[in-house]
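This report refers to the structure that appears directly beneath it.
The values are calculated or read from the model by the stated rules, or taken from the named source; none is laboratory data. Model, not experiment: these values are computed from the prediction. We place every Cβ from the backbone using ideal geometry, glycine too, and count neighbours over all the protein chains shown. Surface areas here come from the heavy atoms of the whole protein model, side chains and all, with no ligands, DNA or RNA. Shrake-Rupley method; radii C 1.70, N 1.55, O 1.52, S 1.80 Å.
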Amino acid sequence: MSVAVKQSPLFNDRKSFKRSRPSWVDDGNEDRRQKTPSKVTGLSPNSHLKSPKKARKSLNGFTGPSKIEDSGRASVNVSKPLQIQEQRSKLPIAKGKEALIREFRENDVTVLLGETGSGKTTQVPQYLLESGLAGDGIIAVTQPRKVAATSLAARVATEQNVNLGSSVGYSVRFDERFSPETRIKYMTDGMIVRELMSDSLLSKYSVVIVDEAHERSLRTDLLIANLKTILRQRNNIQDVKGKGKVKGNASNPLKVIIMSATLDAEKFGLFFEGAKILYVQGRQHPVKIYHSSQGQVDYVDAAMRTFFQIHTDYPPGDVLIFLPGQEDIESLEKTIQIYSNQLPHDHMLVLTCPMYASQAAGQNSKVFHPTPPNTRKCILATNIAETSITIPGVKYVIDTGKCKEKRYLARNTGGGFDTLLIRDITQSSAMQRAGRAGREGAGHCFRLYTEDAFKAMALSAEPEIMRCSLSSSLLQLKCLGQDLETLDLMDQPADESMKSSLIVLFLLGALDREKEITSVGRQMAAFPLEPVYSRAVIASTEYGCTQEVLDIVSVLSASSKLFVESSEQRDAVSEARQKFRHVCGDHLTILNVVKAYQEIAQSESKSGRKEWCRRHFLNERALLEANDIRDQLRQTCQRLGIDHRVSCGEKDDPVIQSLGHGLALNMALLQPDGFYKQAIGQSVVKIHPSSTLCDKKTPAIIYDELVYTNQIYARGVSKIPKSFILTFGTLKLQS
DNA sequence: GAGCACTGC
């Protein structure tokens, strides 16, 4: 979207600005919760939640999950254990400690609703440990994100006055600190789902606490489904006619605590039939919420006008604007800069800070520096500022009510690709955004949508399991002898989506005609990779290029992008890229980068490597992460008896052939009009402009993924011989 | 000519 810069600057005429700015309705929705813990009732009496209304009332305003802050107060001086214990006892949850322990003792499953700052994530595991409720087992606390798991563990170790890794530890990918004496273990949900594959009853855990359950990540959902089954088995629960559930004696019972911060906690309660629902109040400063009196057609323009309204009419304090993506952020940053330069000279200055994930690391850190005197910081952020990063000093939030969402369109519905489109946020997301204004003191949140629009929003986001490709999870489940169709999930994915993943796994050779897992499938599941890439690794053993394929797939599965983008130095970037460019396309270009980096790493110091990356516009974080992934993949190879050192030297064909086995469904042929048509499937696609093969008119290609934004783009593209498509054409006939 | 956010023994 482009924002037309208005010819007549708004600020030459204050009146016209006033007229043009959105008008606000004060909904009287100021959050009146106390911020002092003294008045907080830690736990509501007789705390069975009778209706969702009650929760809604208490939760009115903003709350939300917040990982690191929940643990909280990391900035507080933690050097003296006595002070720590005092802080612990002052947390809102502390008042309800005894009641909580009683409830945990009496119930197998508890759903604990807690607001930001209640301290539930750090305190509940300690209560369980200190009260002896965990027996001899380990208390697992799962988190959707790695940073949350590690920083929470560090905080709790400090509170327990023990070394991290002793009685309190953590386990996330590539990083773990725990020992045989570890009793409280913070871990990512992906990690515990992986553990299911070797211990399907999770028998070493006596309590599993699922934190941030409302986020409904794919792995959280799979974990919750498995926990329900495990509970029946370990707690010896049986259905007896007329009596309902009857508990027998159990030698190693399990307790499950679901922690959530949303409005729809009842769903968890219903899923775990008869689970007790408890509510803990949080600690958050009041945030006054304003809704616009009418809908805003152009949210970027409305955000701009609202920012200047705050800037001219409200006391100092930084402004955080939530926008859906980089494009809007860049355009709004430009207009704000243009207009702020036209402000009267005695007016406060404006410092704009764009923030989004793909931005170079140094650029993002600008927002954490203290705001200079006589300046108002204006942070323009994507959803990254909603959960992942907390920015200090924010007093005003402008919420456009929009975000981008990735959604998988099943292959058999004419899709087989992801869409990345702008859509309305949810109520819980809106509250989370508003809450960002009240972290350090009272704040204001300006919503660029009406109160009716807010009420019309979905309560919370659709679970990820409904929106993403399921092939990876289905393969994992098949290893456990389970199936998506029979697993008791909170929300069942669409039939098309499950069928689509079955087809993909069948065509990759991971499942047979009876939908049973094959030996290749088992090998694939052992790799922490997307099925398409684990298939390529296995194929590489036939073509003698395992080393090269591992180099490539580790970069492809790293979370950060390899190539740094910089719109200002476009020419320098493309010149630096040229050095690594390979005629076959993006996969071998990546291999060139990896090889070059390895060579540099031999001779250069740490700072030398860093400088080399900077000079070539490469993201070293991606390369370092890829190194970790490659080490892990090599270990997996060793376990499976695959020699990871086998190399094809300078030859290109074996690498492309191996990748082709994994990307067999991702092939396309050039059409006369310059577009590509899928070899298997109906979609007409275009090569993404970031690809080295863009505009190269390559007759036949394989690609890593398709993403629909303005049109369907193929990303991560390599040239293949046309004959290759014929080989896989026969595959198509078989199906 | 274009890039929401996470994550994996």
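Can you name every one of the helices (runs of 4 or more DSSP H) wholly within the stretch A:95-183 that holds 3 or more residues which are of a type in the set (Val, Ile, Thr) and buried (at least 23 other Cβ atoms within 10 Å of the Cβ)?
Once the helices (runs of 4 or more DSSP H) in the stretch A:95-183 are filtered for at least 3 residues that are of a type in the set (Val, Ile, Thr) and buried (at least 23 other Cβ atoms within 10 Å of the Cβ), what remains is A:120-130.
On the basis of being more than 16 Å from DNA strand B (Cβ to nearest atom), in contact (Cβ under 8 Å) with a residue 24 or more places away in the chain, farther than 21 Å from A:Leu706 by Cβ and open to solvent by less than 40 Å² (accessible area, probe 1.4 Å), does A:Met490 make the cut? Before the answer, list the steps.
Details: more than 16 Å from DNA strand B (Cβ to nearest atom): yes; in contact (Cβ under 8 Å) with a residue 24 or more places away in the chain: yes; farther than 21 Å from A:Leu706 by Cβ: yes; open to solvent by less than 40 Å² (accessible area, probe 1.4 Å): yes.
Yes; evaluated as a whole, the condition is true for this residue.
Go through A:Phe268, A:Phe307, A:Phe272 for me and flag whichever is within 24 Å of A:Asn383 (Cβ to Cβ), touching a residue at least 12 places away in the same chain (Cβ under 8 Å) and in the same structural domain as A:Glu212 (by TED's automatic domain parsing).
Numbers: A:Phe307 fails: in the same structural domain as A:Glu212 (by TED's automatic domain parsing); A:Phe272 fails: within 24 Å of A:Asn383 (Cβ to Cβ).
Residue meeting the stated conditions: A:Phe268.
Out of (1) under 14 Å from A:Leu640 (Cβ atoms); (2) assigned to a loop (DSSP other than H, G, I, E, B), the odd one out for A:Gln523 is which?
(2)
Among the numbered conditions (1) in contact with a Lys or Arg (Cβ under 9 Å, 6 or more places away or on another chain); (2) in a helix (DSSP H, G or I), tell me where A:Ser365 comes up short.
Here A:Ser365 meets the rest and fails (1).
When the stretch A:364-383 is examined, which residues are found to be away from DNA strand B (no atom under 12 Å from the Cβ), open to solvent by less than 50 Å² (accessible area, probe 1.4 Å) and hydrophobic (A, V, I, L, M, F, W, C)?
Matches in the stretch A:364-383: A:Val367, A:Cys378, A:Ile379.
Looking for something more than 20 Å from A:Ala664 (Cα to Cα), of a type in the set (Phe, Trp, Tyr) and in a loop (DSSP other than H, G, I, E, B) - is there at least one such residue anywhere in the stretch A:452-469?
No, every residue in the stretch A:452-469 fails to be more than 20 Å from A:Ala664 (Cα to Cα), of a type in the set (Phe, Trp, Tyr) and in a loop (DSSP other than H, G, I, E, B).
Would you confirm, using the coordinates I've provided, whether A:Glu462 is surrounded by fewer than 19 Cβ atoms within 10 Å (Cβ to Cβ), near DNA strand B (Cβ under 10 Å from one of its atoms) and at pLDDT below 95?
For A:Glu462, the condition - surrounded by fewer than 19 Cβ atoms within 10 Å (Cβ to Cβ), near DNA strand B (Cβ under 10 Å from one of its atoms) and at pLDDT below 95 - is not met.
Applying the selection to the stretch A:184-207, what residues are touching a strand residue (DSSP E or B) at 6+ places or on another chain (Cβ under 6 Å) and either open to solvent by 10 Å² or more (accessible area, probe 1.4 Å) or within 12 Å of DNA strand B (Cβ to nearest atom) (or both)?
Selection gives A:Tyr186, A:Met187, A:Thr188, A:Asp189, A:Met191, A:Ile192, A:Lys204.
Considering only residues that are away from DNA strand B (no atom under 11 Å from the Cβ) and open to solvent by 50 Å² or more (accessible area, probe 1.4 Å), which ones fall in the stretch A:620-630?
A:Arg621, A:Leu624
Are any residues in the stretch A:128-179 within 14 Å of DNA strand B (Cβ to nearest atom) and of a type in the set (Ser, Thr, Tyr), and if so, which ones?
Listed by number, the residues that qualify are A:Thr142, A:Thr150, A:Ser151, A:Tyr170, A:Ser171.
If you go through the stretch A:414-430 one residue at a time, how many are outside any loop (DSSP other than H, G, I, E, B) and either open to solvent by 20 Å² or more (accessible area, probe 1.4 Å) or farther than 15 Å from A:Val397 by Cα (or both)?
10
Pick from the stretch A:431-459 the residues that are open to solvent by less than 50 Å² (accessible area, probe 1.4 Å) and charged (D, E, K, R): which of them is nearest to A:His311 (Cα to Cα)?
Filtering the stretch A:431-459 for residues that are open to solvent by less than 50 Å² (accessible area, probe 1.4 Å) and charged (D, E, K, R), the one nearest to A:His311 (Cα to Cα) comes out as A:Arg447.
Confirm whether A:Glu575 is closer than 21 Å to A:Pro654 by Cα and open to solvent by 60 Å² or more (accessible area, probe 1.4 Å).
So A:Glu575 fails the test.
Looking only at the stretch A:384-409, which residues are in contact with a Ser or Thr (Cβ under 8 Å, 6 or more places away or on another chain), among the hydrophobic types (A, V, I, L, M, F, W, C) and either more than 14 Å from DNA strand B (Cβ to nearest atom) or not in a strand (DSSP E or B) (or both)?
Hit for the stretch A:384-409 is A:Ile398, nothing else.
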